[in-house]
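Reviewing the structure listed below.
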């Protein structure tokens, strides 16, 4: 473990597009190729220092090597170099289909040229015959500022490790949380630092405390001048609060084994991304309170990401997938682990996953981390605010079920991916052509075909859904991960694995019309 004894800085971002404009900021920040390194970690173009500064100002970071492009979930600065974790990959057989036996393929990529691949079977603490690979790759590093095109981020709030305010106003941060944006975290201590994005954010207005949870982090260690995964890997959950407290919960990858629960105090700086705007608000009965459901649907269908604020307006999270069914929207949100209170994880941690709908329905299922042991399920009704990403997205391409072009240019889409841009796609039900059932996904990673004329986008963060009534969708009776590769050839490859067990629930190949969007 390598965060012990270091000082942390946290970056958080929220507020609407109107606030963006009022503060003279832009929501059109472009992706920039900040650095390219060769196999030895030498600079081919760009600057390691510029990349480091972007990491510490909480910019989003994407990586590429060869024909592969991926998001990152955690960044670490070590003696002038940057290493990132890119976790959302499932084993593939080429660019367009999954392998028969699914395993997680975790990546650490460093500007030293070092790449560490750690493999773990889905639903198991066992590894395939090649458990890891250590190689040297040339890599390209892309960044995008979270609020401003050119200016470094200014903290909205800072706290010391004792919890005293050292900059900003906690009330401004709480207001930002209520206005819906994504949250990032960075820390700095001399020549070392780290950056990550909160999976969810919550606050207690009476106590004036904000707490952010980061879940997508696998145990790592320092090796010489770079970072690698630890051999006996565990999930390393972080819960950071504005009073300086930090709670750490560790659970083995693929089994319900506690690897330690601890807490400490750290200094933090909180940054706000201002590029989200309210599209719609419904009450717990599904009635409109503010905005327009049609506007929300239209935004989703042109590629916009969506964040939700609910639980009495004190809790924010981004949708992992979106479904439009007969006019209503359901967001699946998976980025939760059980907490004892606002600032502490439960000792016996479980995932809780939700489907939150504009009908007011909220379905929750709970499973022990690393296990198929259920901790119960429930249905509730809640008022929800729906915020959309106010940055521009471009509808770059559409293909038919047979892979023919129906909109835009495939070459333009591929060029956008090569430029490091984020990628989203929609899959329409072939039996419901009037958008009566549309699913929308983020591409966690993308591969180009060998001739670079097609691409396959993999989506990881999805639990399988069934139809529920006229408008809602729901988890099945035996929940499964639904890993997907969608391609510009119109092919969709899905492999399904029981939650918490290395057990296949089917490998399905189909064809679909797909719309493709780049940020």
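The values are calculated or read from the model by the stated rules, or taken from the named source; none is laboratory data. Worth saying up front: this structure is predicted, and the values here are computed from it rather than measured. When we count neighbours, we look across all protein chains shown, and the Cβ atoms used for this are built from the backbone with ideal geometry, even at glycine.
Could you say whether any residue in segment 317-336 is out of contact with any helix residue (DSSP H, G or I) (no Cβ under 6 Å at 6 or more places or on another chain) and farther than 19 Å from residue 474 by Cα?
no
Of the residues in segment 179-194, how many are more than 14 Å from residue 273 (Cβ to Cβ) and surrounded by 21 or more Cβ atoms within 10 Å (Cβ to Cβ)?
Going through segment 179-194 one residue at a time, the tally reaches 3.
Quick one: which strands (runs of 3 or more DSSP E) lie wholly within segment 195-314 and hold at least 2 residues that are buried (at least 18 other Cβ atoms within 10 Å of the Cβ)? Reasoning before the result, please.
Numbers: elements: 200-204, 209-214, 220-223, 226-229, 234-241, 245-252, 258-265, 268-270, 276-282, 288-291, 306-310.
Once the strands (runs of 3 or more DSSP E) in segment 195-314 are filtered for at least 2 residues that are buried (at least 18 other Cβ atoms within 10 Å of the Cβ), what remains is 200-204, 209-214, 226-229, 234-241, 245-252, 268-270, 276-282, 306-310.
Can you tell me which condition residue 446 does not meet? The list is (1) under 22 Å from residue 422 (Cα atoms); (2) assigned to a loop (DSSP other than H, G, I, E, B); (3) in contact with a strand residue (DSSP E or B) (Cβ under 9 Å, 6 or more places away or on another chain), and all the others hold.
(2)
Tell me, yes or no, whether segment 419-429 has at least one residue that is outside any strand (DSSP E or B) and either closer than 28 Å to residue 359 by Cβ or more than 22 Å from the chain's Cα centre (by Cα) (or both). Walk me through how you get there before you give the answer.
We begin by selecting, within segment 419-429, every residue outside any strand (DSSP E or B); these are 419-422, 429.
Then drop every residue that is not either closer than 28 Å to residue 359 by Cβ or more than 22 Å from the chain's Cα centre (by Cα) (or both), which leaves 429.
Within segment 419-429, one or more residues are outside any strand (DSSP E or B) and either closer than 28 Å to residue 359 by Cβ or more than 22 Å from the chain's Cα centre (by Cα) (or both).
Can you confirm whether residue 88 is in a loop (DSSP other than H, G, I, E, B) and touching a strand residue (DSSP E or B) at 6+ places or on another chain (Cβ under 7 Å)?
Yes, satisfied.
When the residues of segment 65-83 are narrowed to those that are touching a strand residue (DSSP E or B) at 6+ places or on another chain (Cβ under 6 Å) and in a loop (DSSP other than H, G, I, E, B), which ends up surrounded by the fewest Cβ atoms within 10 Å (Cβ to Cβ)?
Within segment 65-83, the match that is surrounded by the fewest Cβ atoms within 10 Å (Cβ to Cβ) is 67.
Return the residue satisfying two criteria in turn: it lies in segment 47-58 and is closer than 12 Å to residue 141 by Cα and buried (at least 17 other Cβ atoms within 10 Å of the Cβ), and of such residues it is farthest from the chain's Cα centre (by Cα). Walk me through how you get there before you give the answer.
Looking only at segment 47-58, we keep the residues that are closer than 12 Å to residue 141 by Cα, and these are 47-48, 50-52, 54-55.
Filter once more, keeping what is buried (at least 17 other Cβ atoms within 10 Å of the Cβ): 48, 51-52, 54-55.
Numbers: 48: 24, 51: 20, 52: 21, 54: 18, 55: 16 Å.
Within segment 47-58, the match that is farthest from the chain's Cα centre (by Cα) is 48.
State whether the residues of segment 469-492 include one that is assigned to a strand (DSSP E or B) and without any contact (Cβ under 8 Å) to a residue 24 or more places away in the chain.
yes
Answer with yes or no whether residue 360 is over 23 Å from the mean Cα position of the chain (by Cα) and either under 19 Å from residue 441 (Cβ atoms) or at pLDDT below 95 (or both).
Answer is no for this residue.
Just to check your reading of the model, which residue among 500, 456 is in a loop (DSSP other than H, G, I, E, B), crowded, with 22+ Cβ neighbours inside 10 Å, out of contact with any helix residue (DSSP H, G or I) (no Cβ under 9 Å at 6 or more places or on another chain) and touching a residue at least 24 places away in the same chain (Cβ under 8 Å)?
Values: 456 fails: in a loop (DSSP other than H, G, I, E, B).
Result of the check over 500, 456: 500.
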